[in-house]
1. Could you give the dipole magnitude of segment 148-212 about its Cα centre, charging the beta-carbon of Lys and Arg +1 and that of Asp and Glu -1, in debye to the nearest 20?
2. Given charges of +1 on the Cβ of Lys and Arg and -1 on the Cβ of Asp and Glu, with all other atoms neutral, how large is the dipole of segment 1-129 about its Cα centre, in debye to the nearest 20?
3. For a quick check of your reading of the filter: which chymotrypsin sites (Phe, Trp or Tyr not before Pro) in segment 3-110 sit in a DSSP loop and have no more than 14 other Cβ atoms within 10 Å?
4. Name the residues whose placed amide hydrogens come within less than 5 Å of the amide hydrogen of Tyr25, ignoring near sequence neighbours (fewer than 5 apart) on the same chain.
5. Which whole-number percentage describes the relative contact order of the chain, with Cα contacts under 8 Å and a sequence gap of 6 or more?
6. If one puts a single equal scatterer on every Cα of segment 192-257 and applies the Debye formula without solvent, what log₁₀ I(q)/I(0) results at q = 0.12, 0.15, 0.20, 0.23 Å⁻¹?
7. Quick one: compute the contact order of segment 228-366, relative version, from alpha carbon pairs under 8 angstrom and 6+ residues apart, as a percent.
8. Each residue of segment 364-371 in turn: what ³J(HN,Hα) in whole Hz from Karplus with 6.51, -1.76, 1.60 and θ = phi - 60°, glycine and Pro shown as x?
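The values are calculated or read from the model by the stated rules, or taken from the named source; none is laboratory data. What you see is a predicted model, and the numbers here were worked out from it, not measured in a lab. Neighbour counts run over all protein chains shown; Cβ positions are idealised from the backbone, glycine included. Side chains included, ligands, DNA and RNA excluded: accessible areas come from the protein's heavy atoms. Shrake-Rupley method; radii C 1.70, N 1.55, O 1.52, S 1.80 Å.
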Amino acid sequence: MTDPATSDRVGEPFRFDYDPGVLRYGVGSVADLADELDRQGFERALVVCGSTVGSTPAVMDPIRAGLGDKLTGVFAETTPEKRLSTALDARDAYREHDADILVALGGGSSLDVAKAVSVLATGGQDAEAAAREFTETGTLSADGDLDPIVAVPTTLAGADLSIVAGLNAHPDSGLVDVPVSGGLSDRRLMPRAVFYDPELVATTPRDVLVGSAMNGFDKGIETLYAANATPVTDATAAHGLGLLADGLRELGRGSVDAVTLDPVLEGLLLVQYGISRPGETTLSVIHAFGHGLTDGYAVQQGAAHAVVAPHVLRHLFAEVDGRRDLLADALGVEDAADPAEAVVAAVADVRDALGLPDSLADVAGPEPSEFPAVAETVVADAFVANAPPGLDLTTDDIEAVLRAAY
């Protein structure tokens, strides 16, 4: 085992500013939703989710039972596009139901929309003013305390312990003339509580789970090699990665049930802890590639990560240390003669166990002729700033990685 005391960053000064919500974990934990709202002084919850989740009794029945008479309404209209118009409609529903807390149920898109609702409900802008601000600035603003959110994830993307959200506006909404993409980043957006219930996650189809799982898994990998890693995130991400590596392999070959998902959800919780902090994040190069490969293409982000992660890591390790020993220890390959290649192989093995694609040629992403444009997008991505110390990523490097992944 690698001794954490030998880490190349132990002894360096760091500042860790992180204020997570209450974490509630375990099979059947959503039965305590009303209890948690009581503890925090809230009375009227609006559930925000997508139409599939909202019409799935195996999800909604436990949520309704857990909230009891604190459930005031359900807004089941979120979509993966995370539209400003949807958030405005949800804000109207929030007001109509006189709710005092949002329960974001489902995947990352529902949580992102709920965060936009929180800002819109506090800011008080009408639709035109909100669209104007979003067009001009790419974000939304509000003063004072934001309306609170409880998150109940049903996927494995790991977007729950986060203070950021993506948001988009489309001309067909009548609010903007051209498509606008942006987002929110504010420490007040951290959920007041997050409920991790394996039984609820087990209701999600396997093909959705495995794609989101790769996204969550890569969060742990990047947190260990990110330029702003800390001993706190080293500990949580390393332990979480170990749980995920074993748990995701079992998920790939076993059934989708609460028993199989138990270590996976625990690992997901841990790799998220501390990665989304005021003014910074530990997301790094793999996620920058994910943005480049999904911007304007139909490929899902988890599938994009599945394809490129091993190739990104191989390039990274060829250029810098990338904390390969710590990663090898976390992934259970610390005894390998070549830790860097063992880490690459372990990541590819998890991907293959999940049945995810291993080639860009097999997904609805860019063709080789488009790689220069994708490389420009990746190198300009804000997450590249979190690359391991010493890694200077150029467009030529990115194109080489993309060609290797094709």
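1. Once rounded to the nearest 20, the dipole reads 240 debye.
2. Values: 12 positive and 22 negative charges, 31 e Å.
Here segment 1-129 has a charge dipole of around 140 debye.
3. On the way: sites: Phe14, Phe16, Tyr18, Tyr25, Phe42, Phe75, Tyr94; in loops: Phe14, Phe16, Tyr18, Phe42.
Listed in order of number, the matching sites are Phe14, Phe16.
4. Those qualifying (amide H under 5 Å, at least 5 residues apart or on another chain) are Tyr196.
5. With pairs under 8 Å counted, the relative contact order is 15 percent.
6. Taking Cα atoms of segment 192-257 as identical point scatterers yields -0.37, -0.56, -0.90, -1.05.
7. In percent, rounded to a whole number, it is 28.
8. Using θ = phi - 60°, the values come out as 7, x, x, 8, x, 5, 9, 4 Hz.
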